[in-house]
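For reference, the structure is listed below as structure tokens.
The values are calculated or read from the model by the stated rules, or taken from the named source; none is laboratory data. Note that the structure is predicted; figures quoted are calculated from it, not measured. All Cβ positions, glycine included, derive from the backbone under ideal geometry; neighbour counts span all protein chains shown. We work out accessible area using only protein heavy atoms, side chains counted, and drop any ligands, DNA or RNA first. Shrake-Rupley method; radii C 1.70, N 1.55, O 1.52, S 1.80 Å.
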Amino acid sequence: MRSATIAVFPGDGIGPEVTAEAVAVLEIVTPRHDVRLAFSSGTIGGGAIDTVGVPLPDVELERARTSDAVLLGAVGGPKWDDPAAKVRPEQALLGLRQGLGVYANVRPVWTVPELIPASPLRREVLEGVDLVVVRELTGGIYFAKPSERRETRAGREAVDTLFYTEHEIERLLHAAFVLARYRRRKLTLVDKANILASSRLWREIAREVAPEYPDVAMDVVLVDAMAMHLIRRPRDFDVIATENLFGDILTDEASMLAGSMGMLPSASLAGVPEPGRRCTGLYEPIHGSAPDIAGQDKANPLAAILSGAMLCRYSLALPDAAAEIERAVAAVVAAGARTADIAAPGERVIGCREMGRLVRERLGAG
């Protein structure tokens, strides 16, 4: 039996509640596939600011770097929600992404038939949706310099810089093309090439990379058009590749296709998502810290549990373990288990711990 180390950062708000359920599921499943996991826990985000004054202490970044994978809950909350503050919880995420070199964020979006009533969109729009957004994660406007506010004689001004290199674009596109090759073999590049020079470079490089994947069909869509297409015809898309800012916005929009952010996991990878290949990854649900329900056992742990499934698939090279977790989650939802975020009016609502217990029971453990 081989071993692997997992750094767990429960974070703020509901993070500790949902990561606890994800860890419990991983502890059940992975030994069946001859892998023993060693978990270590650390503090980042708002909790770290309160205790040591920085969102990502050096010791925690080193914990992440020396682990096979990282499982994260959520960071942030109104306590630290001051845009003028020099230290903010979200800086921990940016620091982890850069420190781990996880440049490809993979966010699957699919519709669960039983949860279609939880979405504001019509059933005929939602049925059969199964797409993945591959977002560049360590470049673009979130990282480039200068990024600052200035005081001038004419008044206040601010500048952010959108910058990409050929290497950053190319490696993200390879990750997206490889993923498309193992799905429905269709890739859509999302850009703003009619306005932005950076987008024109993305499109140029995509057309250079595409011939290396003759089995994958590629098209391009402007980001404003994609915002409409995700609501009008989401079934038409398979793998969507895009830059950091566009991906951030589009994936939150796409979460409504699943009925709730509480259902959707994510993987941030330092390599190509190819079957059988292990790569460093940061795994987290796409929802936030939800401080309004923290500590009340109301959170939906399924996105965190499904993030654990992605951890199995990409960092442990255990696709069967990942599929086992995904089947258990699907079965629990199909059987009618509902946390508040996915419950229709009149349906019985259960808590975070009970939802986690039901998934473990489906996996054969109480």
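Quick notes on this structure:
- Among (1) farther than 25 Å from A85 by Cα; (2) within 18 Å of the chain's Cα centre (by Cα); (3) surrounded by 21 or more Cβ atoms within 10 Å (Cβ to Cβ), the one test that D130 misses: (3)
- For E284, the conditions (1) in contact (Cβ under 8 Å) with a residue 60 or more places away in the chain; (2) among the acidic types (D, E); (3) open to solvent by 30 Å² or more (accessible area, probe 1.4 Å) are fulfilled apart from (3).
- Once the range 172-209 is narrowed to residues that are within 18 Å of R107 (Cα to Cα) and touching a Gly at 6+ places or on another chain (Cβ under 9 Å), the residue that is surrounded by the most Cβ atoms within 10 Å (Cβ to Cβ) is L172.
- Search result, residues across the range 59-79 that are open to solvent by 50 Å² or more (accessible area, probe 1.4 Å) and among the hydrophobic types (A, V, I, L, M, F, W, C): V59
- Every test in (1) open to solvent by 10 Å² or more (accessible area, probe 1.4 Å); (2) closer than 21 Å to I116 by Cα; (3) assigned to a loop (DSSP other than H, G, I, E, B) is passed by D297 save one, and that test is (2).
- Sub-7 Å Cβ pairs linking a first residue in the range 325-338 that is without any contact (Cβ under 8 Å) to a residue 24 or more places away in the chain to a second residue that is assigned to a helix (DSSP H, G or I) and surrounded by 15 or more Cβ atoms within 10 Å (Cβ to Cβ), at least 6 apart or interchain, are E326/L306; E326/A309; A337/M355; A337/L358, ordered by first then second residue.
- Enumerated helices (runs of 4 or more DSSP H) restricted to the range 14-105, each holding at least 2 residues that are among the basic types (K, R) and modelled with pLDDT of 95 or more: 58-65
- Restricting R107, R123, R135 to those that are on the phi < 0 side of the Ramachandran plot and open to solvent by less than 10 Å² (accessible area, probe 1.4 Å) reduces the list to R135.
- All conditions but one from (1) of a type in the set (D, E); (2) more than 19 Å from the chain's Cα centre (by Cα); (3) open to solvent by less than 50 Å² (accessible area, probe 1.4 Å) apply to D12; the one that does not is (2).
- Among (1) surrounded by fewer than 16 Cβ atoms within 10 Å (Cβ to Cβ); (2) under 19 Å from H287 (Cβ atoms) - the single one S40 does not satisfy: (2)
- Residue in the range 233-243 that is without any contact (Cβ under 8 Å) to a residue 40 or more places away in the chain, buried (at least 23 other Cβ atoms within 10 Å of the Cβ) and on the phi < 0 side of the Ramachandran plot present: no
- Residues satisfying the stated conditions in the range 251-280, i.e. assigned to a helix (DSSP H, G or I) and either of a type in the set (F, W, Y) or open to solvent by less than 10 Å² (accessible area, probe 1.4 Å) (or both): T251, A254, S255, L257, A258, G262, M263
- Any chance E284 is acidic (D, E) and either in a loop (DSSP other than H, G, I, E, B) or closer than 22 Å to H167 by Cβ (or both): no
- For first residues located in the range 293-309 and on the phi > 0 side of the Ramachandran plot, partners that are open to solvent by 10 Å² or more (accessible area, probe 1.4 Å) and assigned to a helix (DSSP H, G or I) and lie 6+ apart or on another chain with Cβ distances below 8 Å form the pairs G295/E17; D297/E17; D297/R353.
- Filtered residue count, the range 308-361, keeping only those that are in contact with a helix residue (DSSP H, G or I) (Cβ under 6 Å, 6 or more places away or on another chain), in a loop (DSSP other than H, G, I, E, B) and open to solvent by less than 60 Å² (accessible area, probe 1.4 Å): 4
- Selected residue (criterion: farthest from the chain's Cα centre (by Cα)) from residues of the range 213-251 that are β-branched (V, I, T) and under 15 Å from L131 (Cβ atoms): V216
- Every residue from the range 170-204 that is part of a helix (DSSP H, G or I), free of Cβ contacts under 8 Å to residues at least 24 places away in the same chain and within 15 Å of V221 (Cα to Cα): R200, R203, E204
- Of the listed requirements (1) open to solvent by less than 50 Å² (accessible area, probe 1.4 Å); (2) closer than 30 Å to R63 by Cα; (3) assigned to a helix (DSSP H, G or I), L230 misses just one: (2).
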